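Q: My questions will all concern the structure given below.
The values are calculated or read from the model by the stated rules, or taken from the named source; none is laboratory data. No experiment lies behind these values; they were computed from the predicted model shown. Every residue, glycine as well, gets a Cβ built from its backbone with ideal geometry; the counts of neighbours run over all protein chains shown. Just the protein is used for accessible areas: all its heavy atoms, side chains included, with ligands, DNA and RNA removed. Shrake-Rupley method; radii C 1.70, N 1.55, O 1.52, S 1.80 Å.
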Amino acid sequence: MTAYDNDNIFAKILRGEFPCYKVFETDKTLSFLDIMPRAPGHTLVIPKAPARNILDIKPDDFAEVARVSHRIAAAAKKAFNADGVTLQQFSEPAAGQVVYHLHMHIVPRKVGVDMLPPASRKEDPKVLEDHATRLIAALKS
Ligand code: AMP
């Protein structure tokens, strides 16, 4: 398997070298908005440990990603008045992975509204700021 690349964009976000719309942080994870959301509120949960994807992450680190994803999913449903939530995790190019630091996608869904295709468009920063504020509030309530 290909080795972990320390220069991937999520590694840079973890080191503070690149900004993100942070919504939640634990000792072992960071959660932030996807800047090309497939639906409003699309959030990514990543481990702080350097893992390329599901094929090399340590089980305990993945368990923490799952635990936090469970919490974010409930908050996202509330914050975005969603009817449901889609969770996705892509590992390796054959599965659609394009950023090589493990991440869980959490996408709030509305009945009858399809997700946009991946990387359709960059969201307006003001919209992302508003969505982060809403999600942070829902996580606190
Ligand atoms: P994938 O590797 O296909 O599971 O998806 C990578 C995801 O990362 C895509 O949904 C991108 O929109 C998202 N993405 C790429 N760069 C950034 C970034 N700097 N901040 C937040 N999300 C990003």
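Q: Using the structure shown, select from Lys58/Lys110; Lys48/Lys140; Lys48/Lys110; Lys77/Lys126; Lys12/Lys122 the pairs with a Cα to Cα distance greater than 28 angstrom. Intermediate results must be reported in sequence, preceding the final value.
A: Details: Lys58/Lys110 34 Å; Lys48/Lys140 22 Å; Lys48/Lys110 31 Å; Lys77/Lys126 21 Å; Lys12/Lys122 19 Å.
Check vs 28 Å cut-off fails for Lys58/Lys110; Lys48/Lys110.
Q: Do the sum for the chain: with -39,500 (n - 2.57) for every DSSP H run of n ≥ 4, divided by all residues, what is the mean residue ellipticity at 222 nm, to the nearest 500 deg cm²/dmol?
A: Working: 3 runs with 43 residues, N = 141.
Calculated mean residue ellipticity at 222 nm is -10000 deg cm²/dmol.
Q: In addition: So what's the angle, to the nearest 10 degrees on a 0 to 90 scale, between helix 125-140 and the longest Cα principal axis of the chain?
A: It is inclined by approximately 90 degrees.
Q: Right, here's the next one. List the GluC sites (Glu not before Pro) within region 1-95 that fall in a DSSP loop (any state other than H, G, I, E or B) and whose Cβ has at most 10 other Cβ atoms within 10 Å. The partial results should precede the final answer.
A: On the way: sites: Glu17, Glu25, Glu64; in loops: Glu17.
Those satisfying the criteria are Glu17.
Q: Within region 12-96, report the trypsin sites (Lys or Arg not before Pro) that DSSP leaves as loop and that have at most 12 other Cβ atoms within 10 Å.
A: In loop regions of region 12-96 (DSSP not H, G, I, E or B), the sparsely surrounded trypsin sites (Lys or Arg not before Pro) are Arg15.
Q: So, one more: Given region 9-140 reduced to its alpha-carbon atoms as identical point scatterers, what log10 I(q)/I(0) does the Debye formula return at q = 0.09, 0.11, 0.18, 0.22 Å⁻¹?
A: Taking Cα atoms of region 9-140 as identical point scatterers yields -0.23, -0.35, -0.99, -1.49.
Q: Here's another thing I want to ask about it. Can you work out the accessible area per residue across region 9-140, with the rest of the protein chains kept in place, probe 1.4 Å, in square angstrom?
A: On the way: 6920 Å² over 132 residues.
Value for region 9-140: 52 Å² per residue.
Q: Okay, next question. In the neighborhood of Asp124, defined by Cβ-to-Cβ distances under 14 Å, what is the net charge if each Lys or Arg adds +1 and each Asp or Glu adds -1?
A: Values: positive: Arg121, Lys122, Lys126; negative: Asp34, Glu123, Glu129, Asp130.
Cβ neighbours under 14 Å give a net charge of -1.
Q: Through the Karplus equation 6.51 cos²θ - 1.76 cosθ + 1.60, θ set to phi - 60°, convert the phi angles of region 35-49 into ³J(HN,Hα) values in whole Hz; use x for Gly and Pro.
A: 7, 10, x, 8, 6, x, x, 3, 10, 10, 10, 10, x, 6, 5
Q: While we're here: Once amide H atoms are built 1.01 Å from N in the peptide plane, which residues 5 or more positions from Phe24, or in another chain, come under 5 Å H to H?
A: When sequence neighbours closer than 5 places are left aside, the close amide H contacts are Ser31.
Q: Explain nothing, just the number: dipole magnitude of the chain about its Cα centre with +1 on each Lys and Arg Cβ and -1 on each Asp and Glu Cβ, in debye rounded to the nearest 20.
A: 440
Q: Shifting gears a bit: Which listed residue (Ile46, Pro117, Phe32) has the Cα farthest towards the positive end of the charge dipole for region 9-140, taking +1 on Lys and Arg C-beta and -1 on Asp and Glu C-beta about the Cα centre?
A: Projecting each Cα onto the dipole axis, the largest value belongs to Phe32.
Q: Return the carbon/sulfur percentage of the accessible area of the chain, one whole number, probe 1.4 Å, all protein chains in place. Don't skip to the answer; put the middle values down first.
A: On the way: 4340 of 7650 Å².
Carbon and sulfur atoms account for 57 percent of the accessible area of the chain.
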